[in-house]
Amino acid sequence: MGCPFVPQVRKGRGAGMLVRSDVISEISRHVQSMTDMIFSIKMRLGVEKPTDWRDIIGIINDMPLSHLTIHPRTASQQYAGELHTDEFNRLLEQSTNPVIFNGDIESPSQIDAIRESHSELNGIMLGRGLLKRPSVIAEWYQQREWTHAERVSHLLDLHEAIFEHYSKTLTGGDAQILSKIKPLWEYLGTEFERKAIKKIIKANSISGYRIAVMQLA
Ligand SMILES: Cc1cc2nc3c(=O)[nH]c(=O)nc-3n(C[C@H](O)[C@H](O)[C@H](O)COP(=O)(O)O)c2cc1C
């Protein structure tokens, strides 16, 4: 119940389910009957309103979930705009399931801040922040911000692993590999100068791409 992709939401799928209490009730019945399975939910706060969750939290509480992950935005906000922390805090109070926070976390200090302000939290989930700074969790565990050089080296290692994986598993040739890997630079690219990233995005052969990436190191 986290996906805000409009054609899905319009059909009542993804985050669109947040206002379909009939569907959630049916899911809840299945979840409660399947005692040999472990379930979790990931959701936004609402479709248009950040208060939509209030109408379904009772149904969600009836399900014994391993955790309930909340990205405190509405579907209409897509991936930007204010996080509705007040509504998130209310939900945290009302949830009988363990809650995980998700949204806009990009640095070890932000992880500390959210942990300090929300001692009841059961975990923190990172999406884009982890792609922008793949070392962020290692840095948090070590309680030490890495230097730019250390972060870049870690990021390039991750890129190398993904590149190798795509090269081995994709069967559509160089064009397919490039079309799969280039979008990652929207996130991986934040540590670098835009000019260098533009070169990567413009590369139209694997060798040109590899050279452009090597120039980042
Ligand atoms: C390109 C992209 C793809 C995503 N795909 C999924 C997905 O398949 N399932 C899901 O639950 N969330 C998906 N999300 C949402 C993220 O898991 C996360 O809830 C959201 O990006 C907010 O967290 P963040 O600020 O840490 O990225 C996606 C986000 C992005 C940017």
_Please give me, ordered by residue number, the trypsin sites (Lys or Arg not before Pro) of the range 114-182 that lie in loop per DSSP and have at most 14 other Cβ atoms within 10 Å._
R144
*the range 165-217 and the range 6-80: distance between their alpha carbon centers, rounded to Å*: 36
_Descending semi-axes in Å of the range 1-119, equivalent ellipsoid built from Cα gyration tensor_ = 23, 19, 12
*Pick from S28, S179, S107: which is most flexible by mean-square fluctuation in a GNM of the chain where alpha carbon atoms under 10 Å apart are linked?*
S179
*Given the options M125, M17, M37, which has the most mean-square fluctuation in a GNM of the chain, springs set between C-alpha atoms less than 10 angstrom apart?*
M37
*Take the Cα gyration tensor of the chain, multiply each eigenvalue by 5, square-root it, and list the three semi-axes largest first, rounded to whole angstrom.*
36, 22, 16
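Bear in mind these aren't lab numbers, they're just calculated from the coordinates by the rules spelled out. In this text the structure is predicted, and so the values were computed from the model without any measurement. With ideal geometry, Cβ positions are generated from the backbone for all residues, glycine too; neighbour counts draw on all protein chains shown.
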